[in-house]
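Participant: Have a look at this one.
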Amino acid sequence: MDHSKAPVLEALAAYHAERQTPFTPPGHKQGRGADPRVREVLGDAVFHSDVLATSGLDDRTSSHGVLEEAQTLMADAVGAEHTFFSTCGSSLSIKAAMLSVAGPHEKLLVGRDAHKAVVSGLILSGIRPVWVTPQWDSQLHLAHPPSAAAFEAAFAAHPDAKGALVTTPTPYGTCSDLSAIARVCHERGRPLIADEAWGAHLPFHPGLPTWAMDAGADVCVTSVHKMGSGLEQGSVFHLQGELIAPEVLRNREDLLGTTSPSVLVYAALDGWRRQMVEHGRALYDDTLALAASVRDRIADIDGMHVHGRDDFCGTGLATDMDPLQIIIDITSLGTTGYRAADWLREHHGINLHLSDHRRISAQLTHADDKDSTRILLTALRDVAAHADQLRPAEQVDVPDPEQLRLDQVMLPRDAFFGPTEQVPWEGAIGRITAEMITPYPPGIPAAVPGERLNAEVLRYLRTGVDAGMVVPDAADTSVRTVRVVAED
């Protein structure tokens, strides 16, 4: 196919050249109605290209097939059979994928390190999760994706499960043996969904981990806004094989998606695909070399340890890792990642990807260069030099893996929508949670609706919040009280 084309961008250019006059939404009418103070911040170009997808970008019946052509080009670029654009982020895409595999009260194998968007999908759909335990590194206090053997055992215990979902790479950049998990699923005629939100760049360079379609996944969901050049909320989901019908996946997306998609998001997705096909290999040649240099230079900073393949893959827990996720253990500085991240923003204007009780991380992409990484390195050296200002740090009580793993005793949907009450956190021990309680980022729930809470997880959350952890989805974000299923 001709990847020099960008159908959405070309249709937008034609819209402007034809000087079309809208008597449709959006009501700002090409920015003419927007407050000048808003235009001063956002710029006029945002409003000029914020048009309807139909009766705007395309005609009333979409006879030019602008979006369809753009999606076909994207599928061809990465070797998928079908691709769908989403302007509601991978949070929507992953729900559509789940609903294309299982329905209410049907079982789906799900890695317990899933993002909260997956749990939201369980709540909305009534799907019954069969949790598959991640591989826990007890020394690093870090979870890697579940093994193929764990999925094999889950299918053996639940042969009626409709399919499986695995998250890879994780927000920490570690990857599962996706090919082996796909074989486990396909031996049973079951589809595999890969939540590859952090892997938009993977198809475009051999030095990166194998991407989901090449590994045999049936559906791959990816957030182009995370590691690509998409605007926020720009997501694509790819499909291959015969286990999921494309019309079913499209129908599920239509059920959840907006009827007013952002053409701005479509245009960025379209342009990113063209950029990657034409220049992706060269861009990532440079980016991977830059990342290797940055890793070496951070390793020279006293008190900082950069996690590499030896840490994550040498244990056999992770199959591969994305070298562009720079995960830095700062335990030797005697402080928490939360404090270090706040200090870096306050003193250097640096915003980090994620932070936890002992780590900070910096995400590199093809947009980074020597100038941006010089700013990062200067800031990291400075925080190490001022570590005494960040001590003593509050301690976070991180449970053992057995204590972190809560028992699912109710369907997430039933617990979430049923009668609830708010109780002090000490009184929630032994009760069934009716809400997600999620340290964010990375957004993996510590407690899922329908799970029975224990003292260890609640102490972890309470001490975590006191130390700087953010828990935005709890009814009480301080976790001094917890929403639980009401008891008679």
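Just so you know, all these numbers are worked out from the coordinates, no wet-lab data involved. Bear in mind that the values here come from a model prediction, so they are computed numbers and not experimental data. Note that we place each Cβ from the backbone using ideal geometry, even for glycine, and neighbour counts take in every protein chain shown.
Participant: In what sequence do 88, 175, 220 fall when counting other Cβ within 10 Å, fewest first?
Facilitator: With the fewest neighbours first, 88, 175, 220 line up as 88, 175, 220.
Participant: Quote the charge dipole size of the stretch 157-222 about the Cα centre in Debye, to the nearest 20; the model charges only the Cβ of Lys and Arg (+1) and of Asp and Glu (-1).
Facilitator: The dipole magnitude comes to about 100 debye.
Participant: May I pose another question? What residues qualify as long-range amide H neighbours of residue 447, i.e. H under 5 Å apart, gap of 5 or more or another chain, H built at 1.01 Å from N?
Facilitator: 437
Participant: Hey, got the dipole for the stretch 279-390? About the Cα centre, +1 on K and R Cβ, -1 on D and E Cβ, debye to the nearest 20?
Facilitator: Values: 11 positive and 18 negative charges, 18 e Å.
My answer is approximately 80 debye.
Participant: So what does the Cα-only Debye profile of the chain read at q = 0.07, 0.10, 0.13 Å⁻¹, as log10 I(q)/I(0), no solvent term?
Facilitator: Each listed q maps to, in turn, -0.39, -0.82, -1.34.
Participant: Helix-only estimate, please: 222 nm mean residue ellipticity of the chain, summing -39500 (n - 2.57) across DSSP H runs of length 4 or more and dividing by its residues, to the nearest 500.
Facilitator: Calculated mean residue ellipticity at 222 nm is -11500 deg cm²/dmol.
Participant: Quick check: from the Cα gyration tensor, does the stretch 306-393 come out rounded (a/c under 1.5), prolate or oblate? Walk me through the numbers on the way to the answer.
Facilitator: Working: a/c = 2.36, a/b = 1.25, b/c = 1.88.
Oblate, because a/c is 1.5 or more while a/b does not exceed b/c.
Participant: Given the peptides 101-112, 132-143, 333-344, arrange them by the average over their residues of other C-beta atoms within 10 Å, most packed first.
Facilitator: Working: 101-112: 20.6, 132-143: 18.6, 333-344: 22.1.
Result, highest mean first: 333-344, 101-112, 132-143.
Participant: I've got another one for you. What is the set of long-range amide H partners of residue 354 at a cut-off below 5 Å, with H atoms built 1.01 Å from backbone N?
Facilitator: Long-range HN contacts for residue 354: 361.
Participant: Given H placed on each backbone N at 1.01 Å, which residues far from residue 481 in sequence or on other chains put an amide H within less than 5 Å of it?
Facilitator: For residue 481, whose amide H was placed from the backbone, the distant partners under 5 Å are 425.
Participant: Step through the residues of the stretch 403-415 one at a time and calculate ³J(HN,Hα) from phi using the Karplus curve (6.51 cos²θ - 1.76 cosθ + 1.60, θ = phi - 60°), rounding each to whole Hz and writing x for Gly and Pro.
Facilitator: 7, 5, 7, 8, 7, 8, 10, 9, 4, x, 5, 5, 5
Participant: Within the set of other residues whose C-beta is less than 13 Å from the C-beta of residue 347, count the net charge using Lys and Arg as +1 and Asp and Glu as -1.
Facilitator: Local net charge: 0.
Participant: Taking +1 at the Cβ of each Lys and Arg and -1 at the Cβ of each Asp and Glu, which of 362, 36, 121 sits farthest along the dipole of the chain towards its positive end, judged by Cα position relative to the Cα centre?
Facilitator: Going by the charge dipole, the pick is 36.
Participant: Using only Cα atoms, locate the centre of the stretch 175-236 and the centre of the stretch 255-330, then give the distance between them in Å, rounded to an integer.
Facilitator: Rounded to whole Å, the Cα centres lie 14 Å apart.
Participant: Let me ask another. Short version: ³J(HN,Hα) in whole Hz for each residue of the stretch 371-379, in order, from phi by Karplus 6.51 cos²θ - 1.76 cosθ + 1.60 (θ = phi - 60°), x for Gly and Pro, what are they?
Facilitator: 5, 5, 6, 5, 4, 4, 5, 4, 5
Participant: Let me ask you something else. Find, to one decimal place in angstroms, the Kirkwood hydrodynamic radius of the stretch 1-83, where the mean of 1/r is taken over every pair of different Cα atoms and then inverted.
Facilitator: Details: mean 1/r = 0.0703 Å⁻¹.
Result for the stretch 1-83 stands at 14.2 Å.
Participant: Using θ = phi - 60° and the Karplus curve 6.51 cos²θ - 1.76 cosθ + 1.60, what whole-Hz ³J(HN,Hα) does each residue of the stretch 90-99 get, with Gly and Pro shown as x?
Facilitator: 5, 4, 7, 4, 5, 5, 4, 5, 4, 6
Participant: How do 25-35, 297-307, 356-366, 191-201 rank on mean C-beta neighbours within 10 Å, highest first?
Facilitator: 191-201, 356-366, 297-307, 25-35
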